[in-house]
1. Ranking Trp160, Trp73 by Cβ neighbours within 10 Å, fewest first, what do you get?
2. Lysine pairs in the chain with alpha-carbon atoms under 29 Å apart, 8 or more places apart or on different chains: how many are there?
3. Among the trypsin sites (Lys or Arg not before Pro) in the range 175-232, which ones are in a DSSP loop with at most 12 other Cβ atoms within 10 Å of the Cβ? Mind listing them?
4. Mind pulling up the Rg/Rh value for the range 90-284? Radius of gyration and Kirkwood radius, both on Cα.
5. Tell me, rounded to the nearest percent, the portion of alpha carbon pairs in the range 171-287 spaced more than 21 Å apart.
6. 7 Å from Cα along Cα→Cβ at both Glu136 and Val264: what's the point-to-point distance in nm?
7. Can you run phi through the Karplus equation (6.51, -1.76, 1.60; θ = phi - 60°) for the range 272-287 and list ³J(HN,Hα) in whole Hz, with x for Gly and Pro?
8. Modelling each spin label as a point 7 Å along the Cα-to-Cβ direction, I'd like the Gln108/Arg80 distance in nm, to one decimal.
Amino acid sequence: MSQNFDKRDRATLFRQRLAEALQRRGQSQSALARTVGVDRSTVSQLLKGSAARLPNAQVVGECARALGVSADWLLGLTDRPETAADLLSNASSLMEAPRALVDEKVFQWHREAAGYKIRHVPAGLSDMLKTREMLEWEYAPHLGRSTAQAIGASEDRLSWMRGAQSDYEIAMPIYEMDSFAHGEGYYRGLPRDFRAAQLDHMLDLSEQLYPNLRIHLFDARRLFSSPITVFGPLLAVLYIGQSFLAFRDTERVQALTAHFDLLVREASIGSRELPTHLRALRGAAGL
């Protein structure tokens, strides 16, 4: 907090916050007194007294511990009631990343960030840009008989994401598109007509949805990026294979936003040049 308090103001704020924490916790004055190890009359005095003096550090600390808040918050030194441990725990989290399309957690993040710009570096081609045939080819080995059902559900979510009031900016390495067009590497065995239809689909989306959808291609020999998604100022998520590593603290969200923006600034092929590049790629691959 940037505001300066004199002793009386800080004592008043302490009483207000102690009462607020008690109410949130649903705890009585007697219960707090027992936990802290003081008389009930002492807690009553802390809440209703008018003296400018604050209680000693041990009492403040015990009250904070009992009520699940930080001593700094009770004393008006911060506006965040969480303890340091809680802040650290909430700043990042590791969660399972199922091998599926738009799972419930990812969709929840998109809904939470509706209206904000979403920056995305996919692990391959973005699911948002794929044809149904491409989705079936890619996910059938993982989803088995449930592939069609999963794709049907995901298509509804992808349609919602495309129609949401969010700008989407996607950055991919150039080699990903080249490998895809020529059916090499990860895309070996993908039928020629699937690749041609997918390139046409990406071309249509890049032209129809611009500028709300912008796709950039960067040179991975100059810049590298892990798969990440930055949901406005709210959240940044790294995809590490079997798990998502999600960050909500401002510093790391801003750092990953700056990383993505560098990919865009240094892109060899910007969103305006993408349609021309896709047409040339289609021809070079004989599609």
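1. Lowest count first: Trp160, Trp73.
2. Value for the chain: 4.
3. Of the trypsin sites (Lys or Arg not before Pro), the ones in loops of the range 175-232 whose Cβ has at most 12 other Cβ atoms within 10 Å are Arg188, Arg221, Arg222.
4. 0.94
5. 46 percent
6. The modelled label-to-label distance comes out at 3.6 nm.
7. 6, 8, 4, x, 4, 5, 5, 5, 5, 5, 4, x, 5, 8, x, 9
8. Inter-label distance under the simple model: 2.1 nm.
Only the coordinates and a few stated rules stand behind these numbers; no lab work does. All of these numbers come straight from a predicted model, not from anything done at the bench. Backbone-built Cβ (ideal geometry, glycine too); neighbour counts: all protein chains shown.
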